């Protein structure tokens, strides 16, 4: 790569290569540290004011300050005002890891309590003599000296050590895993272990109402607002507000006793009505008066024919009529 440098004459800050190449802090933490070192002595900063200057939110700024504290580039002692007795936090920034552990509660003035009134953390020289302006000469290609520290722990490992272990009850494990999986499909609904365990009983209430996991996921992820200010608050509100109606209790006696089988038609095997009437498909249609008389006459004629067929034979070879 090619590097193009200028030689500023005012409003600039200088940093050592050891600071810029320290791998124990992230890029975000290094940027915050360089910005703090560029401020004048006595400047007032806070997490809110730092977050308003860049795109990073308060969460990332707070993590960067924790990294700087763990790497001993930053101290935030609590200062007590001698007159009012109020406590306030003072930022002490170092361009190299400090070795003075100090006290968490300082007197009035904090970093400004020294007799000279200078804040060495902002870059002031201890003797009061400012250094010369930087020249246009390039630094040689040499490995910067590593700062002397006693077995520093990785930032992620230190952060995990501060977090207590979450114990998930066995009856809530499935509901907790369902809530934690929401963040994989929708990053705006990412929950922590404590929040997932706290909201898991509401998911179990949904399941008690007969809702499936797919219905719970659809109710929590559909139509999300922009932006989601609080994922735990939004999920808790939807779980309470959209909870389905509980199913009516089932009667164990009704579930065990089966209804008696219905009668069937002998012709078409169709179920007969409960009243015991004949099958509508097989029953003859109703007859009017003329048709009924014709049917009656046909029945009488058929009876006469059957009687004639079974009557004894008389003289002449003709069967007799009854």
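The values are calculated or read from the model by the stated rules, or taken from the named source; none is laboratory data. Quantities reported herein were computed from a predicted structural model and do not represent experimental measurements. No Cβ is skipped: glycine too gets one built from the backbone with ideal geometry, and neighbour counts run over all protein chains shown.
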>> Quick check on residue 88: is it outside the structural domain of residue 230 (by TED's automatic domain parsing), in contact with a strand residue (DSSP E or B) (Cβ under 9 Å, 6 or more places away or on another chain) and either part of a helix (DSSP H, G or I) or surrounded by 11 or more Cβ atoms within 10 Å (Cβ to Cβ) (or both)?
In response: yes
> If you scan the stretch 182-198, which residues turn out to be in contact with a helix residue (DSSP H, G or I) (Cβ under 7 Å, 6 or more places away or on another chain) and assigned to a loop (DSSP other than H, G, I, E, B)?
Replying inline: 186, 190, 191
> Which one of these is out of contact with any strand residue (DSSP E or B) (no Cβ under 7 Å at 6 or more places or on another chain), more than 30 Å from residue 227 (Cα to Cα) and at pLDDT 80 or above: 42, 128?
Replying inline: 42
> Limited to the stretch 182-200, what total is found for residues that are over 15 Å from residue 230 (Cα atoms) and exposed (fewer than 15 other Cβ atoms within 10 Å of the Cβ)?
Replying inline: 2
>> Every residue in the stretch 37-66 that is in a helix (DSSP H, G or I), touching a residue at least 60 places away in the same chain (Cβ under 8 Å) and under 22 Å from residue 13 (Cα atoms), please.
In response: 37
> How many residues does the stretch 23-36 hold that are in a helix (DSSP H, G or I) and under 27 Å from the mean Cα position of the chain (by Cα)?
Replying inline: 1
> Just one of 225, 244 is loosely packed, with under 13 Cβ neighbours inside 10 Å, outside any helix (DSSP H, G or I), without any contact (Cβ under 8 Å) to a residue 60 or more places away in the chain and over 12 Å from the mean Cα position of the chain (by Cα); which is it?
Replying inline: 225
